[in-house]
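Take a look at the structure set out below.
The values are calculated or read from the model by the stated rules, or taken from the named source; none is laboratory data. What you see is a predicted model, and the numbers here were worked out from it, not measured in a lab. When we count neighbours, we look across all protein chains shown, and the Cβ atoms used for this are built from the backbone with ideal geometry, even at glycine. When the accessible area is computed, the model is the full protein with side chains, heavy atoms only, and any ligands, DNA or RNA have been set aside. Shrake-Rupley method; radii C 1.70, N 1.55, O 1.52, S 1.80 Å.
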Amino acid sequence: MTQTIALQINNQFAGPLKKGYPLISKDAVDTRKLPAEEGALLRLLDIHNRFIGTGYYGIQNKGIGWLLSTDANEEIDKTFFAKKIKKAVQNREVFFNNPDTTAFRVFNGEGDGIGGMTIDFFDGYYMVSWYSAGIYSFKEVIYEALSETVNFKAIYEKKRFDSKGQYIEQDDFVMGTPGEFPLIVKENGMNYAVHLNDGAMTGIFLDQRDVRFAIRERYSNAKTVLNTFSYTGAFSVAAALGGATKTTSVDVAKRSLAKTIEQFSVNQIDYEAQDIKVMDVFHYFKYAQRHQLKFDLVVLDPPSFARTKQITFSTAKDYPKLLKDAIEITEKNGIIVASTNNASFGMKKFKGFIDQAFKETNIRYKIVEEYGLPKDFRVPREHPEFNYLKVVFIQKLN
């Protein structure tokens, strides 16, 4: 039986929660009154002990839990989770019926009513990602609800936390018939190899689907393309299929070489005709400048935070410098695809970074397109700040 405790919310946070704001902030409560173990249900009350909602205790980033329901009589049980999952599946009907795209997000945390967990679909295989010990304590009832709601080949999970609420990553097979990997999924007709049983990452970031499509359809034909922080080369594949004369993929991780070769190969692209460099991106910028290399399209999609032996990088502090390096090796009228998934700042601040970088280099620019999360990555309509993805296509004008 899940423990339920009453928890009083500080007055300034009560109003947003009453209106359905999903995250229970650390500052919203007296943390001394939190239970010893994550996973307890929280009956949230205002300072007059009036009911606000029911949530759960689970440490994640700036929060200590998520609001689940504002109905005082709603039970948080298998029926509750099944109802949320069923509705999420119905909202993705257009994706399930699209044979050209067989990988997408089925359940996007707070956007579908349960913060702290996501569910992704990979051609019949489901992958559940858990972001706190609190939500993970409900795993048995959630897996029951999921397995009774969808048809699946297998279910996998990725735990992205540890017992202290810190961010770690591991994965595991849960139920069904184990898959054979790599699994080849389709995205707008392109092939991508994914691994659900091979550490933290699957091989593709599903939230960039619309951006890859734009690169293939509108920005690659007869262009030279540089893909930095390239991971498995997914943007490079899109560019090559869009008619790029050559792609260059740069990532410091040694395994990126084999992973990028794999992605090219499952699309029948000659990877030997492309450049794949295992190299620190910042060192590559210096290399490109020394050799006077220029590119028609440069993709910048760095991790929010990265550290190598020589360099520590944070998008919140260092993105303008990164952009200045990219501007230097972008052709006149070329395009820079500037992207970040850092949720700590919004699009306005991100565009401020862009403006700063171009002003400091005395280069004029034009914003051509911008993207947030795709439609399957639902966010609460009233709270667009949970739309963490910011992608801006910038044309260098001189």
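Here is a check on your reading of the model: is Ile24 assigned to a strand (DSSP E or B), touching a strand residue (DSSP E or B) at 6+ places or on another chain (Cβ under 6 Å), over 15 Å from Gly116 (Cβ atoms) and not assigned by the TED database to the domain that holds Asn108? In short, no. Would you be able to say whether some residue in the range 296-303 is open to solvent by 70 Å² or more (accessible area, probe 1.4 Å) and acidic (Asp, Glu)? No.
Residues in the range 1-39 that are crowded, with 19+ Cβ neighbours inside 10 Å, out of contact with any Gly (no Cβ under 7 Å at 6 or more places or on another chain) and touching a residue at least 60 places away in the same chain (Cβ under 8 Å): Tyr21 alone. Note on the range 260-280: residues that are in contact with a Ser or Thr (Cβ under 7 Å, 6 or more places away or on another chain), open to solvent by less than 20 Å² (accessible area, probe 1.4 Å) and at pLDDT 95 or above total 2.
Checking every residue in the range 51-62 against the condition of being outside any strand (DSSP E or B), more than 30 Å from Tyr125 (Cβ to Cβ), touching a residue at least 60 places away in the same chain (Cβ under 8 Å) and not polar (S, T, N, Q) gives zero matches. Examine the range 368-386 for a residue that is surrounded by fewer than 16 Cβ atoms within 10 Å (Cβ to Cβ), without any contact (Cβ under 8 Å) to a residue 60 or more places away in the chain and farther than 30 Å from Phe107 by Cβ, and state whether such a residue exists. Yes, that holds for at least one residue.
Here Glu360 passes the criteria (1) open to solvent by 40 Å² or more (accessible area, probe 1.4 Å); (2) in contact (Cβ under 8 Å) with a residue 40 or more places away in the chain; (3) under 22 Å from the mean Cα position of the chain (by Cα) except the one numbered (3).
Can you find even one residue in the range 364-380 that is modelled with pLDDT under 95 and either within 23 Å of Arg92 (Cα to Cα) or acidic (Asp, Glu) (or both)? Taking every residue of the range 364-380 in turn, at least one turns out to be modelled with pLDDT under 95 and either within 23 Å of Arg92 (Cα to Cα) or acidic (Asp, Glu) (or both). Out of the residues in the range 243-259 that are among the β-branched types (Val, Ile, Thr) and open to solvent by 70 Å² or more (accessible area, probe 1.4 Å), which is nearest to the chain's Cα centre (by Cα)? Filtering the range 243-259 for residues that are among the β-branched types (Val, Ile, Thr) and open to solvent by 70 Å² or more (accessible area, probe 1.4 Å), the one nearest to the chain's Cα centre (by Cα) comes out as Val252. Residues in the range 316-342 that are touching a residue at least 60 places away in the same chain (Cβ under 8 Å) and open to solvent by 40 Å² or more (accessible area, probe 1.4 Å) were compared, and the one that is nearest to Gln60 (Cα to Cα) is Asn341. I'd like to know if the range 190-197 contains one or more residues that are outside any loop (DSSP other than H, G, I, E, B), open to solvent by 40 Å² or more (accessible area, probe 1.4 Å), closer than 17 Å to Asp100 by Cβ and at pLDDT 95 or above. No, because not a single residue in the range 190-197 is outside any loop (DSSP other than H, G, I, E, B), open to solvent by 40 Å² or more (accessible area, probe 1.4 Å), closer than 17 Å to Asp100 by Cβ and at pLDDT 95 or above. Among the helices (runs of 4 or more DSSP H) confined to the range 78-154, the ones with at least 2 residues that are surrounded by fewer than 16 Cβ atoms within 10 Å (Cβ to Cβ) and in contact (Cβ under 8 Å) with a residue 24 or more places away in the chain are located at 78-91, 139-149.
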